[in-house]
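Since the structure comes first, as structure tokens, the remarks are kept for the end.
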Amino acid sequence: MIVIAGTIDLDPDQREAALAEACDLMGETRTQNGCRHYVWAADGFVPGRIYVFEEWSDSDALASHFANRYYKEMLALVGRYGPRRVEVKKYRVDHSEPVYDDKGVPRADFFTAD
């Protein structure tokens, strides 16, 4: 699995308009093969900041997304709103599991078998 996470900082007066415009693209992107999760969300504490969070099944799915019109349209959308700072990274994930064990206790360690 590949996780993409990061932030985009826009003019605070433009953030809500950018998110509203991005809404349909987010929904369309979620229909792509291998897309497990895709969302942009406003930070409630930093004016103008948008959090980006995506999960892709593998690098082929992500590569297909990068070649797709949804990605190109999202880049153009961000460009129209004049980003002040963009910091988005990708992460390879080799194991995931619940935060809570079967007794409802939050666990910082990895406690299930691969």
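Segment LYS90..LYS103, full-extension length gain: 1.5 nm, with 0.36 nm per residue of separation and the alpha-carbon distance subtracted. In region 67-114, the inverse of the mean reciprocal separation of distinct Cα atoms equals 14.8 Å; this is its Kirkwood hydrodynamic radius.
With 0.36 nm allotted per residue and the present C-alpha distance subtracted, the THR112-ALA76 stretch has 8.7 nm of extension available. Shape of region 34-76 from the C-alpha gyration tensor: oblate (a/c of 1.5 or more and a/b not above b/c, with a ≥ b ≥ c the square roots of its eigenvalues). The tail of the calculated P(r) for the chain, taken as Cα-Cα distances beyond 25 Å, holds 32 percent of the pairs. Note on ALA67/VAL46: beta-carbon distance plugged into 1/(1 + (r/R0)^6) with R0 of 35 Å gives a FRET efficiency of 0.65. When both region 59-81 and region 32-46 are represented by their alpha-carbon centers, they are found 14 Å apart. Short-range pairs are left out: with C-alpha atoms under 8 Å and at least six residues apart, the relative contact order of the chain is 38 percent.
Counting only DSSP H runs of at least 4 residues, each contributing -39500 (n - 2.57), and dividing by the residue count of the chain, the helix-based mean residue ellipticity at 222 nm comes to -10000 deg cm²/dmol.
None of the figures in this text is laboratory data; all of them are computed from the coordinates on show. The structure displayed is predicted, hence computed values, not measured ones. Positions of Cβ are backbone-derived with ideal geometry, glycine not excepted, and every protein chain shown enters the neighbour counts.
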